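Working notes, beginning with the structure itself.
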Amino acid sequence: MYYLIKKVFEQKPVNETIIVKGWIKSLRQSKKFSFMVLNDGTTQKDLQIIVDATLPDYENICKLTMGSSVEVEGLLVAAQGKQPVEMQAKRVHVFCLNNEDYPLQKKETSLEYLREIAHLRSRTNTFSAVFRLRHVLAQATHEFFTNESFTYLHTPIITASDAEGAGEMFRLSTLPLDKLPKDEKGRIDFKQDYFGRETFLSVSGQLEAETFAVGGLGRVYTFGPTFRSENSNTARHLSEFWMVEPEAAFNTLEDNAALATGYVKHLIKKSIELCGDELEFLASRYSPDNLKTLEHVMNSPFETVTYTKAIEILQQEITKGQKFDYPVSWGMDLQTEHERFLAEQYFKRPTIVTDYPKAIKAFYMKQNDDGKTVRAMDVLVPGVGELIGGSQREDNYDKLVGRMNEMKMDVANYWWYTDLRKYGSVPHAGFGLGFERAVMYISGMQNIRDVIPFPRTPKNAEF
Ligand code: 4AD
Ligand code: MG
């Protein structure tokens, strides 16, 4: 009977003759027998197979190289090694024998090099671990929000509105680039474009999610790809990334922060429960204390601090000798170095910063009575910085439209969004979690390009 290697370790059919298939991780040879280490991608654990020299085509089996694909039939036996079972081969069938030009040789291959051969990197222990973990985080996301009575909503990828108002959108058009149609005033005539108007790839599903949360389903979440043309070539930015965006009617900022805390803790809990082997492997390679830290985070409260207080703390630390590249003053946006300092060194735990200056935040955030700040929250985590951005939303029609006018937005274009504040308007709040940043945080990987299958970044769309 054919077994996936994961099932071999789960079911341990000892003393049975079974079939396994996979790719060779290594082959250590001797005159009397060889040790073949096999994996099929379903588990972090490798199956050790003993191939006796008495097998008819032993000479050919000895020629098998790393990454070659085989089917092996053999007897599963109990073992004393790293794994509780191993196999004694009776028959080896070769699917494909790799030549010496196989780009993944046993020698240590850098993560940078592996990005250049992203079509092969899932064959390494590191990347198979990262992507099994990514799967578990996706599954845990659906589980958490389902348990919290949220409905999964698929929001559009093509949109005519800039949800964040930051102008970092990729244009979508079928107009001929070499012969753009013009209107009477000499401007590009988007009426002739595919959708009869300007359209873009979405930077967030929030605005559409809000329409379903307010008066419709009450609690919804989106989980989909989002696109930003911000020119940030950092280890934390992608041009295409996945975002999880819950939106809940009747939630205040405090409820929103509690929801975010519960969600992050659930992600950690499920990772430890279902991906212990993966986390241990990644920790041993890239961040030795990671597992201990995650367990600590799961079992302790997050810190909460207002933006104004956070600025005071940073300024105090500067007078005590702390150095930053960017100067710190009230009104500025926190830079990654500030965010990481607060979470990693000052509070030493995930930190929720609230009530940012309205000038640096999006138009839809609820305005505080001080006239200066909004009910925003960012969740900062050690190693990554901003993991989550969210807010309570402005639910007052006049205040929302007033702010949009102040920001010189085309209010008419958002008629359906402002309508929500006319009919059955309620306090509501939501947030967006950058899914790759969550994978980075929990895996301990340091570059966002290493936690998405095929990263899209400025000047890079290979594969
Ligand atoms: O803070 P942001 O821009 O918030 C929003 O988009 C809101 N609409 C969310 C909401 O309230 N529903 O983005 C949310 C998160 C960030 O905290 C960050 O983790 C991630 O998305 N993110 C990115 N991740 C990778 N690459 C980028 N270029 C990212 N930009 C934001
Ligand atoms: Mg943000």
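In segment 267-288, which residues are open to solvent by less than 60 Å² (accessible area, probe 1.4 Å) and either farther than 22 Å from Q44 by Cβ or in contact with a Gly (Cβ under 7 Å, 6 or more places away or on another chain) (or both)?
L282, A283, S287
In segment 94-115, which residue that is open to solvent by 80 Å² or more (accessible area, probe 1.4 Å) and touching a residue at least 12 places away in the same chain (Cβ under 8 Å) is nearest to N15 (Cα to Cα)?
That would be F95.
Residue by residue through segment 1-28, note down the ones that are within 31 Å of the chain's Cα centre (by Cα), more than 25 Å from C62 (Cα to Cα) and not aromatic (F, W, Y).
Hits for segment 1-28 are K6, K7, E10.
Being in contact (Cβ under 8 Å) with a residue 40 or more places away in the chain, more than 16 Å from ligand 2 (Cβ to nearest atom) and outside any helix (DSSP H, G or I) is the filter here, so list the residues in segment 416-450 that pass it.
Within segment 416-450, the first condition is being in contact (Cβ under 8 Å) with a residue 40 or more places away in the chain, and the residues that meet it are 416-417, 420, 423-450.
Those still in the list that are more than 16 Å from ligand 2 (Cβ to nearest atom) too: 416-417, 420, 423-428, 439, 442-447, 449-450.
The answer is L420, Y423, G424, S425, V426, P427, H428, G444, M445, Q446, N447.
Among the listed residues T43, T17, identify the single one that is crowded, with 19+ Cβ neighbours inside 10 Å and in contact (Cβ under 8 Å) with a residue 60 or more places away in the chain. Break it down stepwise before answering.
Working: T17 fails: crowded, with 19+ Cβ neighbours inside 10 Å.
It is T43.
On the basis of being modelled with pLDDT of 95 or more, aromatic (F, W, Y) and closer than 18 Å to L120 by Cα, does F95 make the cut?
On the way: modelled with pLDDT of 95 or more: yes; aromatic (F, W, Y): yes; closer than 18 Å to L120 by Cα: yes.
Yes, satisfied.
Within segment 442-463, how many residues are surrounded by fewer than 16 Cβ atoms within 10 Å (Cβ to Cβ) and under 13 Å from L133 (Cα atoms)?
1
Is it the case that segment 272-280 has a residue that's part of a strand (DSSP E or B) and modelled with pLDDT of 95 or more?
So in segment 272-280, the residues part of a strand (DSSP E or B) come out as none.
No, the conditions are met nowhere in segment 272-280.
Can you pull out the residues in segment 375-402 that are touching a Pro at 6+ places or on another chain (Cβ under 8 Å) and within 13 Å of ligand 2 (Cβ to nearest atom)?
Residues satisfying the conditions are V379, L380, L387.
Which residues, counting only those in segment 421-434, are aromatic (F, W, Y) and surrounded by fewer than 24 Cβ atoms within 10 Å (Cβ to Cβ)?
Initial filter on segment 421-434 (aromatic (F, W, Y)): 423, 431.
If the condition is that a residue be aromatic (F, W, Y) and surrounded by fewer than 24 Cβ atoms within 10 Å (Cβ to Cβ), then Y423 is the only one that fits.
May I ask you to list the residues in segment 27-39 that are over 11 Å from M87 (Cα atoms) and either exposed (fewer than 15 other Cβ atoms within 10 Å of the Cβ) or in contact with a Lys or Arg (Cβ under 6 Å, 6 or more places away or on another chain) (or both)? Talk me through it step by step, then tell me what you get.
Within segment 27-39, the subset over 11 Å from M87 (Cα atoms) is 27-34, 39.
Across segment 27-39, the qualifying residues are R28, S30, K31, K32, N39.
Of all residues in segment 156-192, how many are aromatic (F, W, Y) and farther than 23 Å from M404 by Cα?
Keep residues of segment 156-192 that are aromatic (F, W, Y), which gives 170, 190.
So of that shortlist, the ones also farther than 23 Å from M404 by Cα come out as 190.
Number satisfying all stated conditions: 1.
Filter segment 228-255 for residues that are more than 9 Å from ligand 1 (Cβ to nearest atom) and more than 15 Å from R437 (Cβ to Cβ) and give the result.
Result: S229, N231, N233, A248, A249, F250, N251, T252, L253, E254, D255.
The values are calculated or read from the model by the stated rules, or taken from the named source; none is laboratory data. Given the structure is predicted, the values throughout are model-derived calculations rather than measurements. Cβ: placed from backbone, ideal geometry, glycine included. Neighbour counts: every protein chain shown. When the accessible area is computed, the model is the full protein with side chains, heavy atoms only, and any ligands, DNA or RNA have been set aside. Shrake-Rupley method; radii C 1.70, N 1.55, O 1.52, S 1.80 Å.
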